[in-house]
Each structure stands twice: as structure tokens, then as C-alpha cells.
Amino acid sequence: MRIMNLGRIFVPLAGLLLLVGAYRAYGWGGVALAAGAIVMFLLMHLNRTMQVLKRATDRPIGTVASSVMLNAKLKPKMTLLHVIAMTRALGEQRSPKDQQPEVFRWADAGGSWVDATFVGGKLTEWRLVRPDPALQEEALAAEQGIGVEADGAGGAAGSRSSADAVRPGAADALRPPV
């Protein structure tokens with residue numbers, strides 16, 4: 001059973017009630033003022049949407065600076081527009097077009113990604129996937145022709161990739177004590 005979105009009914013109804021109330025209180029001058037306020041409200045939302053999409057055009061689809069930080073900032077019931085504003089990039093659509101739920105992916109340069117599921121334009125769930133560091137070091141070493149030692153430390157390439165990786169618990173070190 002599909003749950004009805006009351007906002008689709010409430011917002012136009014509130015605008016109509018505002019117009020009727022303005023007419024009853026101030027006549028046609030009140031209607032003009034209320035209509036001007038409604039148009040200003042709609043233009044502000046249109047302007048925000050256009051700014052978010054304009055910023056998103058500067059990045060490739062589905063990229064984000066840090067998937068771990070995106071994962072930390074996501075909250076249930078966020079709108080897709082809000083997530084696009086946070087990432088400053090459109091998500092790579094992983095689900096069939098125009099079908100619910102919609103799944104989008106944002107990935108970073110380190111190989112981590114976040115899959116976010118939206119139902120009716122609202123975030124319902126998300127999942128962070130991080131690559132295995134040992135597999136990442138082996139792939140980097142094989143790509144550069146450097147052998148990886150048994151302990152996984154590798155040469156310069158192995159230490160560089162492990163130094164760039166965000167280790168589990170690193171975000172906890174930045175939080176103030178409770």
C-alpha cells in the first residue's frame with residue numbers, strides 16, 4: 001500500500017488559504033501581497049535548486065571527495081537535492097530509471113563508495129563499501145610492477161597507499177570527548 005504524501009496537498013492548500021485570508025482581511029491589495037509572497041517563496045526554491053545543479057555540473061557523475069565523510073553526514077529522510085548539494089555531484093544511478101526505490105552511488109578516488117536508496121525522493125538507507133586494503137596494495141603493486149612482501153607492507157607504493165587510506169577509528173579521534 002502506498003503512503004500518501006500530505007505535503008503535496010497541504011502546501012497548495014496553505015497557499016490558497018493564505019490568498020483567501022488576505023482577500024478577507026485586506027481586499028485585492030492583500031491578495032496581491034500574498035501572491036507576491038508565494039511567488040517569492042517559489043523563486044527562492046527554484047534558485048536554490050538551480051544553484052545546486054549548477055555546482056553539480058562541475059564534477060563527474062558519481063564522484064565525491066570522501067565516501068567516509070559522506071556516509072557520516074547522511075541522515076534518514078534527507079532529500080535527493082540535499083544529498084546532491086552536500087556532494088556537489090549527481091549520483092550515478094544504479095536502479096532502473098523512473099522506478100522506486102531509486103539507488104544512487106557516489107565513489108571517491110580511494111575506491112570506496114556509498115550506495116544511497118531513495119523512496120519518493122527521501123533517503124531511506126545507505127551503505128558504505130570500502131575496499132580491502134591488502135587487495136588494494138596488491139593491485140597497486142601489480143600495476144606498478146613492484147612485488148608485495150608477505151606482511152603486506154610492500155615497497156614505496158604500498159606505504160604510500162596505506163598512508164593515504166583512512167583507518168577505522170580515525171574519525172573517532174577527531175571527536176571531542178564526551
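The values are calculated or read from the model by the stated rules, or taken from the named source; none is laboratory data. Fair warning: this is a prediction, and the values are worked out from it, not measured in the lab. Methodologically, a virtual Cβ is constructed for each residue, glycine included, from the backbone with ideal geometry; neighbour enumeration extends over all protein chains shown. For the accessible areas, the whole protein counts, side chains as well, though only heavy atoms, and no ligand, DNA or RNA atoms are used. Shrake-Rupley method; radii C 1.70, N 1.55, O 1.52, S 1.80 Å.
Report, ordered by chain and residue number, the lysines lying within cross-link reach of Lys97, taken as a straight Cα distance under 23 Å and ignoring same-chain residues fewer than 8 apart. In chain and number order, the partners are Lys54, Lys77, Lys122.
Does the range 1-44 come out rounded, prolate or oblate, given a ≥ b ≥ c as the square roots of the eigenvalues of its C-alpha gyration tensor, rounded meaning a/c under 1.5 and, failing that, prolate meaning a/b above b/c? Oblate is the answer for the range 1-44, as a/c is 1.5 or above yet b/c matches or exceeds a/b. Note on Lys122/Gln51: beta-carbon distance plugged into 1/(1 + (r/R0)^6) with R0 of 35 Å gives a FRET efficiency of 0.95. Near Ala107: Cβ cut-off under 12 Å, other residues only, Lys/Arg at +1 and Asp/Glu at -1. The net charge is +1.
The residues of the range 1-144 expose on average 71 square angstrom of accessible surface per residue, using a 1.4 Å probe on protein heavy atoms.
Extension gain, Arg24-Ile9: 0.36 nm per intervening residue step, less the Cα-Cα distance, totals 3.1 nm.
Expressed as a whole percent, the accessible surface of the range 4-60 that belongs to carbon and sulfur atoms is 73, based on a 1.4 Å probe.
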